[in-house]
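**Student:** Before I ask anything, here is the structure I am working with.
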Amino acid sequence: MSSAMDELEARARAQLDRLHEVNERLTAIAARETSPGDHVTAEVNGIGELTGLWFAPSAPQLGAGPLGDLIVSTAGVAAGRAFARRAEILEEFNESFADLVNSRPASMSTGPQTWEGTGSAQ
């Protein structure tokens, strides 16, 4: 295999590895929040799905309506934290991936190439 092909394959592999890494980091996101008064704890994943919900023994004393509101607000705070972490990961990924994509292998020229016999730029 030529040096240019080796470089191209290495770049493609690095890009794919970076995609796998960011996917693993996004999948691992979890945020947990406890309500004021410690009545409710909610946990969400990186896309805001509720993955855990815990109640203190005092939670039923709040009543159904206030408890429901507390669950929703606590889960919302946890989701906000998860989304903030997701945004950080994606921002880091976008910057590093753009650098990787925009870097040209040393063996490649910077301008369009004309392939012999076609007369057209490729």
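**Student:** Go through the range 1-36 and give me each residue that's in contact with a Lys or Arg (Cβ under 8 Å, 6 or more places away or on another chain) and more than 30 Å from residue 59 (Cα to Cα).
**Tutor:** 26
**Student:** Quick test for you: out of 87, 56, 82, pick the one residue that is at pLDDT 95 or above, over 30 Å from residue 97 (Cβ atoms) and aliphatic (A, V, I, L, M).
**Tutor:** Result of the check over 87, 56, 82: 56.
**Student:** Among 26, 67, which is the only one that is surrounded by 11 or more Cβ atoms within 10 Å (Cβ to Cβ), modelled with pLDDT of 95 or more and more than 30 Å from residue 99 (Cβ to Cβ)?
**Tutor:** The match here is 67.
**Student:** What do you reckon, is residue 56 in contact with an Asp or Glu (Cβ under 8 Å, 6 or more places away or on another chain) and surrounded by fewer than 16 Cβ atoms within 10 Å (Cβ to Cβ)? Walk me through how you get there before you give the answer.
**Tutor:** On the way: in contact with an Asp or Glu (Cβ under 8 Å, 6 or more places away or on another chain): yes; surrounded by fewer than 16 Cβ atoms within 10 Å (Cβ to Cβ): yes.
Yes, satisfied.
The values are calculated or read from the model by the stated rules, or taken from the named source; none is laboratory data. It should be emphasised that the depicted structure is a prediction, and the values quoted were computed from it without experimental measurement. Positions of Cβ are backbone-derived with ideal geometry, glycine not excepted, and every protein chain shown enters the neighbour counts.
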